[in-house]
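This report refers to the structure that appears directly beneath it.
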Amino acid sequence: MQVSDALVAFQVSVYEERITLADFVRSSGPVRDGSAVVREEAAGLQRSLEESERTLQQAVRGAARTEDEFPEVRRDLRRRAAISLAEKSSDPAV
């Protein structure tokens, strides 16, 4: 199963959103102890991530010709995105 480069790029952007949210939460400490501004920013990042994940899920379903192909498309997409991220992190120009 072949997935488009655009879909791989979108999967990578979703992974990067997850990392951004995790880094924010980690650097801000427990959200329940944070200021209202910190809680609002964390909530905004979370909402954005959830929307991106829903959109990605719909795109993957659209890329699969049948429901049976969905897991295969998802696996291929995750594999290619992981390769892309690995290449990105090992590129000294990034």
Exercise for the section: In whole Å, largest first, what are the principal axis extents of the Cα atoms in the range 33-81? Expected result: 46, 18, 13
Exercise for the section: Give me the percent of the accessible area of the chain that comes from carbon and sulfur atoms, probe 1.4 Å, all protein chains in place. Expected result: 53
Fill in the blank from the handout: Here the net charge surrounding residue 80, from other residues whose Cβ is less than 13 Å away from its Cβ (Lys, Arg +1; Asp, Glu -1), is +1
Fill in the blank from the handout: Read-out P(r) over Cα pairs in 5 Å bins from 0, in percent, candidates (1) 2, 10, 16, 18, 17, 15, 11, 7, 3, 1, 0; (2) 3, 12, 20, 21, 20, 14, 7, 2, 0, 0; (3) 2, 13, 19, 18, 15, 13, 11, 6, 3, 0; calculated match is (3)
Fill in the blank from the handout: Summing -39500 (n - 2.57) over every DSSP H run of at least 4 in the chain, dividing by its residue total and rounding to the nearest 500, the 222 nm mean residue ellipticity is -27500 deg cm²/dmol
Completion exercise
Env charge @ residue 2, Cβ radius under 15 Å, K,R +1 / D,E -1, value +2
Completion exercise
Scoring only Lys, Arg, Asp and Glu (+1, +1, -1, -1) among other residues with Cβ under 14 Å from the Cβ of residue 47 yields -3
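The values are calculated or read from the model by the stated rules, or taken from the named source; none is laboratory data. Bear in mind the structure is a predicted one, so any value in this text is a computation, not a measurement. Backbone-built Cβ (ideal geometry, glycine too); neighbour counts: all protein chains shown. To get the accessible areas, we keep the full protein, side chains included, count just its heavy atoms, and leave off ligands, DNA and RNA. Shrake-Rupley method; radii C 1.70, N 1.55, O 1.52, S 1.80 Å.
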